[in-house]
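Derivation of every value follows stated rules applied to the coordinates shown; laboratory data play no part. Worth saying up front: this structure is predicted, and the values here are computed from it rather than measured. No Cβ is skipped: glycine too gets one built from the backbone with ideal geometry, and neighbour counts run over all protein chains shown.
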Amino acid sequence: MTKEVHAAHILCKTEKKALELKELLAAGRASFAEMARKHSQCPSGKDGGDLGWFGRGRMVPEFEKAAFEGEKGKVIGPVKSQFGYHLIRVLERR
């Protein structure tokens with residue numbers, strides 16, 4: 001069972017913006033880190049959205065569920081939380 005996840009995210013104010021960014025990422029027109037630096041509403045954006053390693057109980061429930069269940073390397077979301085809409089990329093698991 002996965003105990004920790006290393007993930008990055010892009011936090012958007014609207015679902016529409018998150019979906020637009022997800023399309024650009026799917027088309028390969030920009031890297032996840034570039035998009036996070038330009039568009040994320042979270043302070044982690046300056047680090048390319050990198051949140052580092054975290055275990056269960058450290059993130060809001062919706063985000064945690066998506067990060068622990070999502071496929072490594074894929075862009076997951078948009079996931080709605082009290083902060084907005086997240087696009088999540090799981091980088092590693094341990």
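At-a-glance table
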| item | result |
| --- | --- |
| Residue satisfying condition, being among the aliphatic types (A, V, I, L, M) and touching a Cys at 6+ places or on another chain (Cβ under 9 Å), within set I88, I10 | I10 |
| All positions within region 81-93 that are more than 8 Å from the chain's Cα centre (by Cα) and within 14 Å of S40 (Cα to Cα) | F83, G84, Y85 |
| Condition met for F54 (among the aromatic types (F, W, Y) and assigned to a strand (DSSP E or B)) | yes |
| Selected residue [of a type outside the set (A, V, I, L, M) and touching a residue at least 60 places away in the same chain (Cβ under 8 Å)] from K13, K46 | K13 |
| All positions within region 1-47 that are of a type in the set (A, V, I, L, M) and assigned to a strand (DSSP E or B) | V5, A7, A8, I10, L11 |
| Sole exception among (1) closer than 26 Å to R94 by Cα; (2) surrounded by fewer than 15 Cβ atoms within 10 Å (Cβ to Cβ); (3) of a type outside the set (D, E) for A27, by number | (1) |
| Residue match in region 10-24 (condition: of a type in the set (A, V, I, L, M) and more than 12 Å from the chain's Cα centre (by Cα)) | yes |
| Selection count where residues are touching a Phe, Trp or Tyr at 6+ places or on another chain (Cβ under 7 Å) and of a type in the set (S, T, N, Q), scope region 1-41 | 2 |
| Hits in region 6-18 - residues which are closer than 16 Å to S81 by Cβ and either among the aromatic types (F, W, Y) or surrounded by 15 or more Cβ atoms within 10 Å (Cβ to Cβ) (or both) | A7, A8, H9, I10, L11, C12, K17, A18 |
| Enumeration of residues in region 57-79 that are surrounded by 15 or more Cβ atoms within 10 Å (Cβ to Cβ) and either in contact with a Pro (Cβ under 9 Å, 6 or more places away or on another chain) or not in a loop (DSSP other than H, G, I, E, B) (or both) | E62, F63, E64, A66, A67, F68, V75, I76, G77, P78, V79 |
